[in-house]
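Below is one structure, written out as structure tokens; comments come after it.
The values are calculated or read from the model by the stated rules, or taken from the named source; none is laboratory data. Bear in mind that the values here come from a model prediction, so they are computed numbers and not experimental data. Backbone-built Cβ (ideal geometry, glycine too); neighbour counts: all protein chains shown. Surface areas here come from the heavy atoms of the whole protein model, side chains and all, with no ligands, DNA or RNA. Shrake-Rupley method; radii C 1.70, N 1.55, O 1.52, S 1.80 Å.
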Amino acid sequence: MKERLVRLIEAMMAGNVRALARLISFVEDRQEGWKDAMKSIYGTTGHACVFGITGSPGAGKSTLTNEIAKRLLRREHTIGIIAVDPSSPYSGGALLGDRLRMRDICTDRNIFIRSMATRGVLGGLCQAARDVARILDAAGKDVILIETVGVGQDEIEVVSASDYVMLVTCPGQGDGIQAIKAGVMEIADLFVVNKADKDGADELASEISAMLDLSTEMEVKKQSVIKTSAVTKEGLDDLVENLEGFLNEKKSGSKRVRDQVRQEILSIMEREIVGILRERIMSNGRLEGALDLVMADRSDPYTEVDEMLSGYSLMEHLKKTEEGDKP
Ligand SMILES: Nc1nc2c(ncn2[C@@H]2O[C@H](COP(=O)(O)OP(=O)(O)OP(=O)(O)O)[C@@H](O)[C@H]2O)c(=O)[nH]1
Ligand SMILES: [Mg+2]
């Protein structure tokens, strides 16, 4: 590893905030040596507890993140926040909005906030968020909050990069729990009904509890439903106590860690392979050639992908060899 990188990592470990920011950018931008950096810090990680905070747009995720962070800081935790920005990396509007809402905590030196764009992240948001979370972990943050956007596949993806998932809902979004996307309900460890100062919060909380009673009959997991309000501050301390409960659970050795590392390995591998192939077909004209054929109705995307892949001896190799199959 280059001397400069070694020094950067050392500075980051010693608590230098600028070094932390630079290392994250270095890894995000895939600068030469990024993987060595990840390898070298990996052994120091695994102590932080990562919470994914998801839920419908406008439910209050940023507001709650802010309130949670303030309370955790008071309880002497060090915090990293990863805000996943729904807008394109070129506009930055939503990002600024979130920064403003989080401004109360921006100045605290025990907290580090990082925004990430959902688009343009090569190989997926999930691994990108994971990398950043690992770096924050190495920098000594003991709680990492990942706020995701409430749309698309990204929220499910980020969920798999988290130790625990908090689903934020609020009354007045029309169709009640129908608004909660299938698949997310099962993944959530904690349900928050925010904007409890508004009408309909009690009904929504009961609806969710009832649904959980039905769906968890056969499972051991028992999720809590907590009502909160950023206006009246109701439920916020309760919420933070719940989060600390998860922190302690993680510290005492959660059984999910192995599953997570499995996902991590698969995700890194996918990113590597797809990254190489994607770059290749984009730079050698193969992609555009395939596009021409499909657009002219002379082929279809499935055939083109088969053709592209069969052109690489690597793929043939992977399909038949046993060499790489040794445990
Ligand atoms: N009445 C009331 N308003 C709230 C509460 N919490 C948040 N809000 C308001 O709801 C709006 C959305 O809050 P955000 O925290 O930005 O919600 P979000 O889920 O992060 O939104 P996106 O990131 O855009 O999806 C803001 O105007 C907040 O001031 C609450 O407890 N009660
Ligand atoms: Mg937000």
Looking only at residues that are closer than 23 Å to Lys195 by Cβ and away from ligand 1 (no atom under 13 Å from the Cβ) in segment 53-104, which one is modelled with the lowest pLDDT? Lys70
Could we say that Ile41 is buried (at least 22 other Cβ atoms within 10 Å of the Cβ) and within 22 Å of the chain's Cα centre (by Cα) here? no
What residue, of Phe26, Phe51, is surrounded by 15 or more Cβ atoms within 10 Å (Cβ to Cβ), of a type outside the set (Gly, Ala, Ser), without any contact (Cβ under 8 Å) to a residue 24 or more places away in the chain and out of contact with any His (no Cβ under 8 Å at 6 or more places or on another chain)? Phe26
Pull up segment 142-199, narrow it to residues that are over 17 Å from Leu239 (Cα atoms) and within 14 Å of ligand 2 (Cβ to nearest atom), then point me to the one that is modelled with the lowest pLDDT. Val151
Matching residues in segment 288-327 (assigned to a helix (DSSP H, G or I) and at pLDDT 90 or above) number 13
For segment 273-295, pairs from a residue that is within 11 Å of Met308 (Cα to Cα) to a residue that is open to solvent by less than 50 Å² (accessible area, probe 1.4 Å) and of a type in the set (Asp, Glu), with Cβ under 9 Å and 6 or more apart or across chains, are Arg286/Glu304; Leu287/Glu304; Gly289/Glu304; Ala290/Glu304
Members of segment 225-255 that are hydroxyl-bearing (Ser, Thr, Tyr) and touching a residue at least 60 places away in the same chain (Cβ under 8 Å): Thr228, Ser254
